[in-house]
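Below is one structure; the comments refer to it alone.
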Amino acid sequence: MPATQAVTDTLARPLRDLRISLTDRCNFRCTYCMPRHLFGSEHLFLPRKELLNFDEIERLARLAAGLGVTKLRLTGGEPLLRRDLEVLVARLAAIDGIDDICLTSNGSLLTAERARDLKAAGINRVTLSLDAIDDDVFKAINDVGFPASKVLTAIDNAKAAGLGPVKVNCVLQRGVNEHQILPMVDHFRHSDVVLRFIEFMDVGTSNGWRMDDVITAREIVDTIRTRHPISRLPATAPGETANRWTFDDGAGEIGIIASVSQPFCGGCTRARLSAIGELYTCLFGVHGRDIRGPMRAGASDAELSDLLAGIWHVRDDRYSEIRGEQTANRRGKDADGKVEMSYIGG
Ligand code: SAM
Ligand code: SF4
Ligand code: SF4
């Protein structure tokens with residue numbers, strides 16, 4: 001493998017993180033991500049042969065590492081649905097230059113044994129999604145009747161396996177779960193788990209996003225402060241997505257991902273690889289660039305590496321910043337062809 005040839009984009013942002021979607025399938029039907037009316041029994045998921053196989057994923061991750069990527073995040077759909085995931089993780093962990101491998105999951109399949117196997121294979125940390133602590137609220141959001149209590153068990157399994165510090169993602173939507181902010185905060189205070197509230201984003205075209213539905217970081221902080229004093233912490237790393245806050249009484253940390261109200265495109269060093277091998281340079285991309293095609297047609301490592309570097313080199317994405325500038329005129333978003341969150345994994 002040649003020495004790392006770090007690439008930067010048109011805004012001088014290096015390529016540091018690669019988020020790999022392992023499948024477009026999910027066993028949940030979260031109403032804001034894979035609503036049942038669009039992802040029902042009629043929906044055609046990708047056939048297996050379309051998905052990048054482990055050799056292909058490993059190869060692209062290795063080439064990405066050669067361009068400066070140090071961190072991989074495995075996501076989906078639901079990544080734990082991908083058979084033999086541990087085998088892939090072990091192969092990714094052996095790549096020179098990759099020093100952090102994380103997993104984002106809904107936790108439904110994270111048994112104690114699976115958590116231990118993933119840790120042994122090389123996953124460092126997991127982020128588990130939980131949008132409400134109340135079973136009824138959570139069941140209504142995931143729309144498959146999955147109780148919050150089972151995600152709490154998954155969180156315990158992850159902690160016990162050393163997959164920490166465990167982060168918990170909670171996407172807030174007005175009228176759906178903002179009343180869960182304080183119960184979630186109270187549950188995870190003093191727990192070693194970093195709870196992160198996420199502003200509902202206008203990803204894809206399935207979720208009927210409206211600016212009015214976004215519970216902003218400001219509102220989240222104000223709500224928490226009605227019960228617990230919190231203070232802002234400085235960022236620990238450039239390009240950090242979450243604003244970090246600490247409970248003044250020492251009960252731990254909380255994160256707020258203000259992608260809508262305080263966009264952080266300037267520090268965005270992430271590329272996303274879809275399950276069929278398209279490279280997206282922004283979460284809000286309309287078209288990914290096909291990498292699988294040239295790879296399956298026999299492109300050499302050098303050719304593929306040049307392709308990846310070339311895509312990054314001309315990148316000028318800053319969708320959230322532009323959206324922020326235009327929000328005043330915005331009237332909801334539809335039919336603009338943006339890629340779905342369940343397809344590229346957040
Ligand atoms: N299935 C896994 C999970 O739920 O963690 C991984 C894939 S999921 C697409 C990744 C993350 O994206 C989840 O935390 C989910 O809540 C979040 N997400 C999905 N749609 C979103 C949206 N419109 N705005 C903000 N976050 C979203
Ligand atoms: Fe599945 Fe995750 Fe999307 Fe929910 S947020 S439908 S768990 S991919
Ligand atoms: Fe990165 Fe695009 Fe999100 Fe901006 S909008 S932070 S460029 S993924």
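This table checks each residue for (1) crowded, with 17+ Cβ neighbours inside 10 Å; (2) more than 20 Å from the chain's Cα centre (by Cα); (3) at pLDDT 95 or above.
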| site | (1), (2), (3) |
| --- | --- |
| 79 | yes, no, yes |
| 95 | yes, yes, yes |
| 105 | yes, no, yes |
| 113 | no, yes, yes |
| 123 | yes, no, yes |
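The residues of segment 1-51 that are out of contact with any Gly (no Cβ under 7 Å at 6 or more places or on another chain), among the polar types (S, T, N, Q) and assigned to a loop (DSSP other than H, G, I, E, B), listed by number, are 10, 27, 31, 41. Do we find a residue being open to solvent by less than 30 Å² (accessible area, probe 1.4 Å) and either more than 30 Å from residue 138 (Cβ to Cβ) or free of Cβ contacts under 8 Å to residues at least 24 places away in the same chain (or both) anywhere in segment 46-53? Yes - at least one qualifying residue is present in segment 46-53.
The condition (being at pLDDT below 95 and either within 16 Å of ligand 3 (Cβ to nearest atom) or not in a strand (DSSP E or B) (or both)) is satisfied by just one residue among 186, 212: 212.
Got a number for residues in segment 210-245 being open to solvent by 40 Å² or more (accessible area, probe 1.4 Å) and of a type in the set (S, T, N, Q)?
So the answer is 4.
Conditions tested, residue by residue: (1) among the polar types (S, T, N, Q); (2) more than 16 Å from ligand 1 (Cβ to nearest atom); (3) within 30 Å of residue 218 (Cβ to Cβ).
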site: 261; (1), (2), (3): yes, no, yes
site: 264; (1), (2), (3): no, no, yes
site: 268; (1), (2), (3): no, no, yes
site: 274; (1), (2), (3): yes, no, no
site: 288; (1), (2), (3): no, no, no
site: 291; (1), (2), (3): no, yes, no
site: 298; (1), (2), (3): no, yes, no
site: 308; (1), (2), (3): no, yes, no
site: 318; (1), (2), (3): no, yes, yes
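If you check 140, 148 for being open to solvent by 30 Å² or more (accessible area, probe 1.4 Å), touching a residue at least 12 places away in the same chain (Cβ under 8 Å), within 25 Å of residue 219 (Cβ to Cβ) and of a type in the set (A, V, I, L, M, F, W, C), only one passes: 140. Here the strands (runs of 3 or more DSSP E) wholly within segment 218-274 that include at least 2 residues being under 15 Å from residue 194 (Cα atoms) and within 23 Å of the chain's Cα centre (by Cα) are 243-247, 253-257. Being within 16 Å of ligand 2 (Cβ to nearest atom) and at negative phi is the requirement here; does residue 137 meet it? The answer is yes for residue 137.
Hey, can you tell me all the residues within segment 59-77 that are away from ligand 2 (no atom under 16 Å from the Cβ), open to solvent by less than 10 Å² (accessible area, probe 1.4 Å) and touching a Cys at 6+ places or on another chain (Cβ under 9 Å)? Correct list: 72 only.
The values are calculated or read from the model by the stated rules, or taken from the named source; none is laboratory data. The model shown is predicted, which means the values in this text are computed figures rather than measured ones. Reconstructed Cβ throughout: ideal geometry from the backbone, glycine too, with neighbour counts over all protein chains shown. Note: areas computed on protein heavy atoms with side chains; ligands, DNA, RNA excluded. Shrake-Rupley method; radii C 1.70, N 1.55, O 1.52, S 1.80 Å.
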